[in-house]
1. How big is the dipole moment of the chain about its Cα centre under a simple scheme where the beta carbon of each Lys and Arg is +1, that of each Asp and Glu is -1, and everything else is neutral? Debye, nearest 20, please.
2. Give a residue-ordered list of calculated ³J(HN,Hα) values for segment 4-19 (Karplus: 6.51 cos²θ - 1.76 cosθ + 1.60, θ = phi - 60°; whole Hz; x for Gly, Pro).
3. Please give the net charge around ALA85, taking every other residue with its beta carbon less than 11 angstrom from that of ALA85, where Lys and Arg add +1 and Asp and Glu add -1.
4. Please turn the phi angles of segment 96-112 into ³J(HN,Hα) values with the Karplus equation 6.51 cos²θ - 1.76 cosθ + 1.60 (θ = phi - 60°), one per residue in order, whole Hz, x for glycine and proline.
5. Using only the alpha-carbon atoms of segment 64-125, report the extent along each of the three principal axes, biggest first, to the nearest angstrom.
6. Share of the chain's accessible area from carbon and sulfur, percent, 1.4 Å?
7. With a probe of 1.4 Å, find how much accessible area the chain has per residue, and write the answer as a whole number in Å².
8. Highest mean first, what order results for 109-118, 16-25 on Cβ atoms within 10 Å?
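The values are calculated or read from the model by the stated rules, or taken from the named source; none is laboratory data. Since we're looking at a predicted model, the values are computed, not measured. All Cβ positions, glycine included, derive from the backbone under ideal geometry; neighbour counts span all protein chains shown. The accessibility values were calculated without ligands, DNA or RNA, using every heavy atom of the protein model including side chains. Shrake-Rupley method; radii C 1.70, N 1.55, O 1.52, S 1.80 Å.
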Amino acid sequence: MTSLYDELGGAVAIDAAVDIFYRKVMADEKLAPFFDDVDMERQAAKQKAFLTMVTGGPANYSGKDMRRAHAHLVAEGIDDSHFDAVVGHLAGTLKELGVDDAKIARVGAVAESVRNDVLGRNPAS
Ligand code: HEM
């Protein structure tokens, strides 16, 4: 079966998407402060590897799991509003790149699957 990764356009598409996505995140004044001390080049590389893996492409992600990667941000106050904004920027990016709504919805579902981990909650809450 063709993976969502291939349907999106593979490595070239993921690279383009992550670059545009982080430009949007950094231009969003409620999100940018969380990235103040972050090396954005390294961050973009991790995000590319992560999105590649979770959309069914080659699994080269060696970063932290989503709960550990964001635990310090939970302490700094990230909540559903930040998560929704991040997912919105991802969807907006894909839309700009000409990805159809059905595929954007599938990427959105992948993002939703890590919401509780990113926000440091139990699955049931
Ligand atoms: C779909 C949701 C999200 C995904 C898939 C995601 C993915 C990632 C990945 C792969 C990393 C790198 C982990 C590592 O260093 O090993 C990371 C780090 C980070 N994420 Fe997210 N993230 C998401 C939501 C958010 C949200 C809502 C925020 C809040 C603004 C956020 C802010 C950050 C920051 C600031 C870092 C860097 C941490 C550091 O290096 O100190 N992320 N994220």
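1. Values: 14 positive and 20 negative charges, 63 e Å.
Value, rounded to 20: 300 debye.
2. Along segment 4-19, the couplings run 4, 3, 5, 4, 6, x, x, 4, 4, 5, 5, 4, 5, 5, 5, 5 Hz.
3. That works out to -3.
4. For segment 96-112, the Karplus curve yields 4, 7, x, 6, 6, 4, 5, 6, 4, 5, 5, 5, x, 5, 4, 4, 4 Hz.
5. The principal-axis extents, from largest down, are 36, 21, 21 Å.
6. Values: 3940 of 7210 Å².
Carbon with sulfur: 55 percent of the solvent-accessible area.
7. Values: 7210 Å² over 125 residues.
I get 58 Å² per residue for this part.
8. Most protected by this proxy first, the peptides run 16-25, 109-118.
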